[in-house]
Amino acid sequence: MMKLLRSVLLNRHKVIIITAVTSASLLLAVFILQYLVGIEPCSLCITQRWPHALVLMLSMCALLPIMAKFRRPILALISLAFATTASIGAYHLSIEFGWVAGPATCSGNITGDTVEELRRQLMAKPFAKCNDIAWSLFGVSLAGYNFMISTFLTIVCGTSVILNFERAKK
């Protein structure tokens, strides 16, 4: 088992394919939940999507044959992107659990100096609050799944970069 794991981690091409498929799957899932199921994302949910889009773009570039010699640095950037979205996910979880207050863009508070301003805010698109869990599976929210998956892939990509760096030195 360890031999198989090591052989996968030493093959940057396979790791990059795994990252591309995972990020594409996560993005597809949240877009289905948003546009087909009707679950409105909060601002932090949307922010967590951007690093996955970056991972997908970097992965597609790294899979081009002409980019083969740049796969290790691209994989390091992919690891940083996963670490970024995992951090945002951890922050989002801390808001969901009530450990910290969310940003003003997630509070759902409506304020205004005039009746017209209040009316405009009330008539605007539905507002999702960061501390409300819109969807969960087995008691884990989307932010929780993003945190777990992205943390795991940060470790996988980072380990692959380190193992390939050590192999290159030999």
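Here, each number is a calculation from the coordinates, and none is a lab measurement. These figures come from a predicted structure and were not determined experimentally. Note that we place each Cβ from the backbone using ideal geometry, even for glycine, and neighbour counts take in every protein chain shown.
Brief remarks follow.
- Residue count for the stretch 28-41, restricted to those that are surrounded by 14 or more Cβ atoms within 10 Å (Cβ to Cβ) and either hydroxyl-bearing (Ser, Thr, Tyr) or closer than 15 Å to Phe147 by Cβ (or both): 1
- Only one of Leu54, Leu44, Leu36 that is free of Cβ contacts under 8 Å to residues at least 60 places away in the same chain, in a helix (DSSP H, G or I) and farther than 20 Å from Gly158 by Cα: Leu36
- Count of the stretch 30-62 residues which are more than 15 Å from Ile133 (Cβ to Cβ) and under 12 Å from the mean Cα position of the chain (by Cα): 10
- Count of the stretch 50-62 residues, restricted to those that are in contact with a helix residue (DSSP H, G or I) (Cβ under 6 Å, 6 or more places away or on another chain) and surrounded by fewer than 16 Cβ atoms within 10 Å (Cβ to Cβ), is 1.
- Of all residues in the stretch 127-149, exactly one satisfies the criterion of being within 20 Å of Ala104 (Cβ to Cβ), aliphatic (A, V, I, L, M) and within 16 Å of the chain's Cα centre (by Cα), namely Ala143.
- Residues satisfying the stated conditions in the stretch 81-103, i.e. part of a helix (DSSP H, G or I) and free of Cβ contacts under 8 Å to residues at least 40 places away in the same chain: Ala81, Thr84, Ser87, Ser94
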